[in-house]
Amino acid sequence: MKKALLLNNLGTPDAPEPEALARYLKEFLMDEDVITIPYPIRWFLVNLIIVPRRKYESAKNYQKVWTERGSPLMLHTEDLTAKLQSALDGWRVDFCMRYGKPSIASKVAELAKEGVEEIHFLPLYPQFAKATTGSAIKKFQEVMQSYPHIQTKILGAFYFHEDYLEASKQVYETSLPHKNFDHYLFSFHGLPKKDVMRGEGKGHCMVKENCCFIECEQNKNCYVSQCKKTAVAIAKKMGIENYTICFQSRLGPTEWVKPYTEDTVIELAKQGVKSVAVFSPAFVADCIETIEELSMGLKETFEEHGGKELFVAPCLNASDEWVHALTKIVSPPAQSRPHPQP
């Protein structure tokens, strides 16, 4: 049977220009799993308020990180795909984006033309969230309705896969310029608090002490719980005790999951902390959130409030450690083990 591994990432605009950003943002923000409000209100907000205002600022931010090969997210995903193609004997490896190009539909069509009989679909998000993994899987399943002859296997969140954790530990440790940082941050992409508390977590999420580490049905797919378990596991592997788990990329006036990364580094600087190392385990590839938001913006914020050194570790990108981990993730899952306690 001819098998394919189809990697999926969030997406990127075609160019660091306002109109390209407008196209990308409209597709992204009109997804009902991203902005969870009724369609008419969402359409009005996205098309008449958010995009007309944000496309210029977003274009400027992308211009700061754009490379000759395009956006960092695109080039790292391309490199990872090429290395995985060499590492996975007998597989056809390709990638697609949830928003922008190459689309899920276009890549599935290519694989179907090549005679692929089985597609393993892997969203490259370690932790599950409806707005990321959930949306990607939904779109993939929708596309596959036109290809009933192709078998599919969906690979879900891998936040606690031993090889992912070990690859993160190795890449982070290797990148650190020294081992004498005053404090460490594990910064995850944030979500609106209401989105985290609804659904399966209702009546459990954020209402019980240490609820993220209580093993139960209500939090088995909880994004915040998976983020915290990821950070604790990596910190233990690295022997780090002085760390904070926080959340970045807040958008709009509504309350998001706390503590916020920016507020955290300001408070650390005010407390006299001079050096901070930042890890981003929600991102497997460096992108605008890790480069412009953290390496540039967060560093500037920390220094403005008295901090001296803020180092942002690279993501897994196309490192050999990550390629090795992915070859294990696409194989039968490793035997589970207990989640770490804080």
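The values are calculated or read from the model by the stated rules, or taken from the named source; none is laboratory data. Quick caveat: nothing in here was measured; it's all calculated off a predicted structure. Here the Cβ positions follow ideal geometry from the backbone for every residue, glycine too, while neighbour counts run over all protein chains shown.
Tabulated values for the structure
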read-out	value
Residue 192 being surrounded by fewer than 22 Cβ atoms within 10 Å (Cβ to Cβ), in the same structural domain as residue 169 (by TED's automatic domain parsing), modelled with pLDDT of 95 or more and closer than 24 Å to residue 36 by Cβ	no
Tally, over the range 269-298, of residues that are over 29 Å from residue 160 (Cα atoms) and either of a type in the set (Lys, Arg) or in a helix (DSSP H, G or I) (or both)	5
Yes/no for residue 231 being in a loop (DSSP other than H, G, I, E, B), surrounded by 19 or more Cβ atoms within 10 Å (Cβ to Cβ) and among the aliphatic types (A, V, I, L, M)	no
Exclusive hit being within 30 Å of residue 271 (Cβ to Cβ), basic (Lys, Arg) and touching a residue at least 24 places away in the same chain (Cβ under 8 Å), set 169, 138, 130	169
Residue 64 vs. criteria assigned to a helix (DSSP H, G or I) and surrounded by 16 or more Cβ atoms within 10 Å (Cβ to Cβ)	no
Condition met for residue 14 (assigned by TED's automatic domain parsing to the domain that holds residue 122, farther than 28 Å from residue 153 by Cβ, more than 18 Å from the chain's Cα centre (by Cα) and outside any strand (DSSP E or B))	yes
Strands (runs of 3 or more DSSP E) (entirely within the range 89-184) containing at least 2 residues that are among the β-branched types (Val, Ile, Thr) and closer than 29 Å to residue 310 by Cβ	none
Flag for residue 175 being touching a residue at least 40 places away in the same chain (Cβ under 8 Å), among the small types (Gly, Ala, Ser) and closer than 30 Å to residue 271 by Cβ	yes
Residue count, the range 26-42 (criterion: surrounded by 14 or more Cβ atoms within 10 Å (Cβ to Cβ) and within 18 Å of residue 253 (Cα to Cα))	5
Residue check, residue 245 under 13 Å from residue 160 (Cα atoms) and either touching a residue at least 60 places away in the same chain (Cβ under 8 Å) or under 16 Å from the mean Cα position of the chain (by Cα) (or both)	no
Qualifying residue in the range 32-49 (condition: touching a Lys or Arg at 6+ places or on another chain (Cβ under 9 Å), among the polar types (S, T, N, Q) and part of a helix (DSSP H, G or I))	yes
